[in-house]
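**Student:** Next up is a structure, given as structure tokens.
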Amino acid sequence: MLWYELEFRLNEYCKKGGKISRRKYIRRIRLFFEFCKNSKGVKGPDQIGKQHAHEWYNSEQLAIRTLTDHYYAIKLLWKFLKRKGTPPYPKTLEEADLQTLFDKYQKEYILLSKDYKD
């Protein structure tokens, strides 16, 4: 697959469904392309692999939510490239205590809902 073929698929994907979120995914995929082209000398989308995804996750210090968004963008790219399996999950997300985050947000939700009931 060539770059322009993948760009065509991304543009077609962006035209359907929820426009705002799809545009964000496409923007993240294009940023990932630029990262791969500039830092690793990738000549085509078929040369992008799991190692590139790991390096992109570790290239910047990002919040957990942003890393998750990047992961889902790369997962969409994997789908377009017809790869088997899923892309690698960011290590920082694997290490994060997601239950603690859930408890934190659940407590905030309960506090906010009590304020609206009063």
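Just so it is clear, none of the values below were taken in a lab; they were calculated from the coordinates. Note that this is a predicted model, so its numbers are computed, not measured. When we count neighbours, we look across all protein chains shown, and the Cβ atoms used for this are built from the backbone with ideal geometry, even at glycine.
**Student:** Can you tell me how much longer the chain between ASP46 and LYS24 gets when fully stretched, taken as 0.36 nm per residue apart minus their C-alpha distance, in nm with one decimal? Each step should come with its number before you reach the end.
**Tutor:** Numbers: separation 22, 0.36 × 22 = 7.92 nm, distance 2.24 nm.
Net length gain for the segment: 5.7 nm.
**Student:** Mind listing which trypsin sites (Lys or Arg not before Pro) in region 1-95 are in a DSSP loop and have 14 or fewer other Cβ atoms within 10 Å? Before the final figure, lay out the partial values.
**Tutor:** Values: sites: ARG9, LYS15, LYS16, LYS19, ARG22, ARG23, LYS24, ARG27, ARG28, ARG30, LYS37, LYS40, LYS43, LYS50, ARG65, LYS75, LYS79, LYS82, ARG83, LYS84, LYS91; in loops: LYS15, LYS16, LYS43, LYS82, ARG83, LYS84.
When the trypsin sites (Lys or Arg not before Pro) of region 1-95 are filtered for loop state and at most 14 Cβ neighbours within 10 Å, LYS15, LYS16, LYS43, LYS82, LYS84 remain.
**Student:** Given the pairs LYS15/LYS82; LYS50/LYS91; LYS19/LYS43, which span a C-alpha to C-alpha distance of over 24 angstrom in this model?
**Tutor:** Working: LYS15/LYS82 20 Å; LYS50/LYS91 13 Å; LYS19/LYS43 29 Å.
Where the Cα-Cα span goes over 24 Å, the pairs concerned are LYS19/LYS43.
**Student:** Once both labels are modelled 7 Å past Cα along the beta-carbon direction, what's the ARG83-ASN38 spacing in nm?
**Tutor:** Reported label-point gap for ARG83 and ASN38 is 2.1 nm.
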